[in-house]
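**Student:** Here it is: the structure, laid out below.
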Amino acid sequence: MLQKIFRNLKVNHKSKFTGLSSALFLLICLSVLPANLSYAQEADKPRTEIGIYERLGEKIPNDVVLYNEYGQQVNLKTLVSKPTIISFVYFRCPGICTPLLNGIVKTVDMSEIEPGEDYDIITISFDPSEDYKLAAEKKENYLEQLDRKIPQDAWRFLSGDSLNILKITDALGFKYEKKDSDYIHSAAIMVLSPEGKIVRYLYGTDFLPFDFKMAVTEAQEGKAVPSISKIVKMCFSYDPEGRKYVLNLTRIVGAGMILMLGFFVVLLNIKKKKNNNNT
């Protein structure tokens, strides 16, 4: 690229450039070049895949400012004063967002712990084009679906600009991608401690009341634990026809055989050492 620039700058007695104008032109080209190179290098970097990247033990930023259902600016960190369930959706979502919110409604109704007393829920739209008015409509809709009555502040629906949305989604490891007017994304809820520390991820759109209660309890204690879904995934596989997880006997038997083999290897080594000591 530099050779091309210098070749274009060659002047002779018929050139229209003076020495001064040529120098200025060269200076402009050189100043633009690093930006172009930087852009090319950025484009070559591998992009983060869509999904959930756990940030267990980390805290959410102190400077995330969003809008509540009344159009007021709120600092997200100040809303977290007890164990808090975070969910990311976009309100116009035609796919998995509705089952996720319905799953939260179902779990709240089935769980023994009390919203607003034992924990809070915060649902955040990651679509910056959605405003507080739409958030207020969604809040009213889902509070009406609950069988139990909960305080208005126990489940908040927030919206925000692209910068603040990016801050909080990055902090919680929620990676998504816009495609046309929709988004490609995963479904999960994240559980924060009263200090804003990430302590648990629960995946999918349906949550067992026991897991939900345990996550809130761990959040209250401030413990960061590995996600139970990683262990469950080893023993269960998804059945597309039944639309549920079923016990994967092949995987369990295989894991059992490996454990038994390891046990016998250890046992043989112990016997071998005893025999050597006796001799």
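Taken together, the values in this text are just the output of simple stated rules run on the coordinates, not laboratory data. From a predicted model like this one, the values you see are computed outputs, not experimental measurements. Here Cβ is always computed from backbone atoms with ideal geometry, including for glycine, and neighbour counts include all displayed protein chains.
**Student:** Exposure proxy check: Y119, Y176, Y53 ranked by fewest other beta carbons within 10 Å?
**Tutor:** Neighbour counts put them in this order, fewest first: Y53, Y176, Y119.
**Student:** So if R0 is 51 Å, what FRET efficiency would N62 and N269 give, r being the distance between their Cβ atoms, rounded to the nearest 0.05?
**Tutor:** Once rounded, the FRET efficiency stands at 0.45.
**Student:** Using the basic label-point model (7 angstrom from Cα toward the beta carbon), what is the E177 to Q220 distance in nanometres?
**Tutor:** 4.2
**Student:** Residues with beta-carbon under 14 Å from that of M190, excluding M190: net charge, scoring Lys, Arg +1 and Asp, Glu -1?
**Tutor:** Here the charged neighbours net out to -1.
**Student:** Find out how many positive minus negative residues lie around D120, taking Lys and Arg as positive, Asp and Glu as negative, among other residues whose Cβ is under 12 Å from that of D120. Kindly include the intermediate steps, with their values, before the conclusion.
**Tutor:** On the way: positive: K82, R156; negative: E114, E117, D118, D153.
Summing Lys and Arg as +1 and Asp and Glu as -1 gives -2.
**Student:** Give me M190, M110, M257 sorted ascending by neighbouring Cβ count inside 10 Å, so fewest comes first.
**Tutor:** Ranked by crowding around the Cβ, least crowded first: M257, M110, M190.
**Student:** Give me V105, V266 ranked fewest to most by other Cβ atoms within 10 Å of their Cβ, as a rough exposure proxy.
**Tutor:** Ranking V105, V266 by Cβ neighbours within 10 Å, fewest first, gives V266, V105.
**Student:** Within segment 104-200, list the trypsin sites (Lys or Arg not before Pro) lying in a DSSP loop whose Cβ has at most 13 other Cβ atoms in a 10 Å radius.
**Tutor:** R148, K149
**Student:** Next question, about the same structure. So for the pair E112, S129, with labels modelled 7 Å out along Cα→Cβ, what separation do we get in nm?
**Tutor:** The answer from the label model is 4.6 nm.
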